[in-house]
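The values are calculated or read from the model by the stated rules, or taken from the named source; none is laboratory data. As the structure is a computational prediction, the values presented were derived from the model and not from experiment. Using ideal geometry, Cβ is built from the backbone for each residue, glycine included, and neighbour counts are taken over all protein chains shown. Surface areas here come from the heavy atoms of the whole protein model, side chains and all, with no ligands, DNA or RNA. Shrake-Rupley method; radii C 1.70, N 1.55, O 1.52, S 1.80 Å.
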Amino acid sequence: MPKSLNESLAYSQPPVSNADCSSPNSTHNSTQQSYSASQREPLASHGAKHQPGITFAAQEKLPRLPIPELETTLKKYQDVLRPLQSKREQEDTDAAAQEFLKGEGLELQARLKKYATGKTSYIEQFWYDSYLNFDNPVVLNLNPFFLLEDDPTPARNNQVTRAASLVISALCFVRAVRKEELPPDTLKGTPLCMYQYSRLFGTARVPTENGCQIAQDSGAKHIVALCKGQFYWFDVLDDNADLIVTEKDMALNLQVIVDDAEETPIQEAAKGALGVLSTENRKIWSGLRDVLTREEDSNNADCLGIVDSALFVLCLDYTEPQTSAQLCGNMLCGTSDVVKGVQVGTCTNRWYDKMQIIVCKNGSAGINFEHTGVDGHTVLRFASDLYTDTILRFAKSINGQAPSLWGSDSPDPSKRDPDSFGDVSTTPHKLEWDMLPELSTALRFAETRLADLIQQNEFQTLEFTGYGKNFMTSTGFSPDAFVQMAFQAAYYGLYGRVENVYEPAMTKVFLHGRTEAIRAVSPESADFVRTFWGENPATQKVETLRKATQRHTAHTKECAKALGQDRHLYALYCVWQRAVDEEGAEAASSNGMSSNGYSSPVEADSEVGSPNRSSFAKEDGSVSPSPHAKQPTQQMPALFADSGWDKINTTIISTSNCGNPALRQFGFGPSSANGFGIGYIIKDDSVSICASSKHRQTRRFIDTLESYFLEIRRLLRLTQQKSRSPKASRAREVERPEAVPKRGRAIKGEGGLVDNLKDESDDDGLGGYGFFDAGMLLQALKASQEEKDRPSEMAIGSARRAVGKKLRLSEY
């Protein structure tokens, strides 16, 4: 089993960096420096040790993220702020930008370029540190969710059969990644970075006193199942990443788990539902983990190690949410239901530091994921392949010649010699935590704080079936830009204001690329929303909409090329902050004071901040000053002190377009107290939207959106020639009336469309696929057996003994 966190952290000392922006006293500033070169750059050693398969074959050919020109970035920064500022504010920002361009900006740009030399990405570590320094609970603040469509085979739409099917498909995906047989992602023929798939399984976000770290057991073989807040585990893979359980075995194990959990009254089980602790403030959770692991090889330490090192967590909920909004809330944060003073909602049946597959009693399923190392595009591929594989395996049970999603199939476990499985245990074991008094007290307080957090947020959904991508493209609009304008128009219609809107653009065409921020408000979009809600002719409204969407599409393409302004400016801000940290460390050294190695000197036994804790990135990709940050002695550049910097990093409407037909909904919590969090999926003939806010008339906002969609369709029909139905197939294009004998009267469909139907939108694959904007995970796939055997700083996959009470299968 893994050793205690304190002991494992003592194995290695972080190396001293020779980078321009570092000094011996600031080596702790980057969490990544505490890992070896092969851990920081896993793919560099990954390809060198053995022949790579198809999954990572294109990695070495991917270009690195470019550092934009400073002058270009500042101009874009001024442009995106212009519609959000008053004339006086614009003048102040323009002056600050000019001062930055002629002064500090040039020096910081030079430092950034020097820092980036030899690195995979100039932004990666800064962005990664910013997310791991987030102190608040990750639930509702950082973790997003996907809600899968129901299984098309009715017999599978119950909890155990659906869960068993999804888990087997997930294990097939794990196998494909480990054997490098997973076909790489591409965008219109261009290969995308696949690094994130190596960090998807066996990882855990581990809080420490000095910020979080990401731990991974790259050879994990077991899963953890949660049912009514109780923990169970069993092995599912052998050392070769082949499955050792069939779908029937899986269903049997899960039924045993459900039956065992039923034996404990839910009010009693709630008293030991330690998953609630993962919803705590990260510093508090770090201290509680120390309580769990303070005795080496203790039962609690072993149990925690089992959970941390699992491939993923399966949550079996006992509830059956009825509405789409209730399902979304259940997948994002669980339900809060207090009975006789005891929390019995599904919020106690979670572990938010890992990826979770959640299955309700009626078979409704979703995914909640810890996103630090993976963005929405990566988990979307996982969710889509999960859903597809469940269908194909069902088809294969009918027709053995049905296709398979995988390059090769795992040997049938039922036909293998059990001795070939190795040292595994496929029988479920229940983890029985020792509920120390401080844990019981902490669990009670964590649950009440979580219940508060859940009650402070609300969720509403819109499943608009009036039209979708087909209609939007047929009228000459980019679907993503079309929907983005809908959000701005609906908000302006309610509040009469233009506010900051965020959307991520995927940059995985670059090595270790994540996202760039699309600031969706432009002078054209501001003109459109005012025109739309004014007394203006339909042609004028449609024309301003067309200009706004064209501007949005052009901006999206620039951001997809990593030529936006947000990431570059944030990197420059971090370089400046590093210089301030160095100055503080040197001052501490010269004064003979104790230094924490991060920023300002502190007295002994005082609280130590996280690396680079002067700022952290919020879930929408913006930057906020940390409450822990000390005021620097060096004057902040006017650009970062200007009100425009605060405005661009305060998102009111945080949006993300991430989905396909395998998903019913996708969403996340609001990024600000007075804002909305909007996840949306544009399908061929419908649009699915999940909106969240802290009780800011979310239902009314959704209703306004629906009214807008209907009204803009009416305006488009008024201004366009009627030609064919939005749902007409391309086959109708080959009908030539002059060549067809007239028999009867032709029936005209409900049309109103122009003839310039496009098969693809201009921005397909560019905007919105990523969700969160964090840097890369610190630990990586180990490149050699020697590295696997060598103790590592955050190793969580050490040999384990049989932990927990073994469940009986005989009666089944």
Looking at (1) open to solvent by less than 50 Å² (accessible area, probe 1.4 Å); (2) acidic (Asp, Glu); (3) more than 17 Å from Cys172 (Cα to Cα), find the lone condition where Asp419 falls short. (1)
Is one or more of the residues making up the range 361-381 open to solvent by 30 Å² or more (accessible area, probe 1.4 Å) and over 30 Å from Phe134 (Cβ atoms)? yes
All positions within the range 384-411 that are more than 31 Å from the chain's Cα centre (by Cα), surrounded by fewer than 14 Cβ atoms within 10 Å (Cβ to Cβ) and closer than 20 Å to Leu182 by Cα: Ala402
Just one of (1) open to solvent by 10 Å² or more (accessible area, probe 1.4 Å); (2) touching a residue at least 24 places away in the same chain (Cβ under 8 Å) trips up Ala673, so point out which. (2)
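Taking Glu503, is it assigned to a loop (DSSP other than H, G, I, E, B) and farther than 30 Å from Glu60 by Cβ?
no
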Taking the condition of being crowded, with 17+ Cβ neighbours inside 10 Å and among the aliphatic types (A, V, I, L, M), how many residues in the range 329-341 meet it? 2
Go through (1) of a type in the set (Phe, Trp, Tyr); (2) open to solvent by 30 Å² or more (accessible area, probe 1.4 Å); (3) in a helix (DSSP H, G or I) for Trp285 and report which single condition fails. (2)
Selection within the range 691-712 - without any contact (Cβ under 8 Å) to a residue 40 or more places away in the chain and open to solvent by less than 10 Å² (accessible area, probe 1.4 Å): none
Quick check: anything in the range 134-145 open to solvent by 10 Å² or more (accessible area, probe 1.4 Å), modelled with pLDDT of 95 or more, of a type outside the set (A, V, I, L, M) and in contact with a helix residue (DSSP H, G or I) (Cβ under 6 Å, 6 or more places away or on another chain)? yes
Given Ala251, Ala269, which one is part of a helix (DSSP H, G or I), farther than 14 Å from Gly345 by Cα and either touching a His at 6+ places or on another chain (Cβ under 7 Å) or aliphatic (A, V, I, L, M) (or both)? Ala251
The listed residue being open to solvent by 10 Å² or more (accessible area, probe 1.4 Å) and in contact (Cβ under 8 Å) with a residue 12 or more places away in the chain, out of Ser218, Ser278: Ser218
Could you tell me whether the range 259-273 includes any residue that is touching a residue at least 24 places away in the same chain (Cβ under 8 Å) and out of contact with any strand residue (DSSP E or B) (no Cβ under 9 Å at 6 or more places or on another chain)? no
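Kindly establish whether Phe382 is touching a helix residue (DSSP H, G or I) at 6+ places or on another chain (Cβ under 7 Å) and either more than 30 Å from His512 (Cα to Cα) or in a helix (DSSP H, G or I) (or both).
Against the criterion (touching a helix residue (DSSP H, G or I) at 6+ places or on another chain (Cβ under 7 Å) and either more than 30 Å from His512 (Cα to Cα) or in a helix (DSSP H, G or I) (or both)), Phe382 qualifies.
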What do you reckon, is Leu81 crowded, with 17+ Cβ neighbours inside 10 Å, modelled with pLDDT under 50 and of a type outside the set (Gly, Ala, Ser)? no
Scan the range 173-209 residue by residue and report those that are open to solvent by 20 Å² or more (accessible area, probe 1.4 Å), farther than 21 Å from Asp239 by Cβ and touching a residue at least 12 places away in the same chain (Cβ under 8 Å). Pro183, Pro184, Leu187, Lys188, Thr190, Pro191, Glu209
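Only residues that are touching a helix residue (DSSP H, G or I) at 6+ places or on another chain (Cβ under 7 Å) and either assigned to a helix (DSSP H, G or I) or crowded, with 17+ Cβ neighbours inside 10 Å (or both): list them for the range 291-304, please.
Those that are touching a helix residue (DSSP H, G or I) at 6+ places or on another chain (Cβ under 7 Å) and either assigned to a helix (DSSP H, G or I) or crowded, with 17+ Cβ neighbours inside 10 Å (or both): Val291, Leu292, Thr293, Asn300, Ala301, Leu304.
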What are the residues in the range 336-364 that are among the β-branched types (Val, Ile, Thr) and more than 21 Å from the chain's Cα centre (by Cα), if any? Val338, Val339, Val342, Val344, Thr346, Thr348
By residue number, the members of the range 185-196 that are in a loop (DSSP other than H, G, I, E, B) and under 13 Å from Leu511 (Cβ atoms) are Leu192, Cys193, Met194
Those residues that are open to solvent by 60 Å² or more (accessible area, probe 1.4 Å) and either assigned to a loop (DSSP other than H, G, I, E, B) or closer than 30 Å to Ala395 by Cα (or both), I need them from the range 422-439; list them, please. Asp423, Glu432, Asp434, Met435
Does the range 398-420 contain any residue that is assigned to a strand (DSSP E or B) and of a type in the set (A, V, I, L, M)? no
Just to be sure before I move on: is Tyr128 of a type in the set (Ser, Thr, Tyr) and part of a helix (DSSP H, G or I) in the structure I sent? yes
Please identify the pairs in which a residue from the range 442-456 that is within 14 Å of Ala673 (Cα to Cα) and surrounded by fewer than 20 Cβ atoms within 10 Å (Cβ to Cβ) has its Cβ atom under 9 Å from the Cβ atom of a residue that is modelled with pLDDT of 95 or more and basic (Lys, Arg), counting only partners at least 6 apart or on another chain. Gln456/Lys694
Would you check which residues across the range 69-87 are farther than 12 Å from Gln109 by Cα, in a helix (DSSP H, G or I) and polar (S, T, N, Q) and list them? Thr72, Gln78
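What about Tyr352, is it among the aromatic types (Phe, Trp, Tyr) and open to solvent by 20 Å² or more (accessible area, probe 1.4 Å)?
So Tyr352 fails the test.
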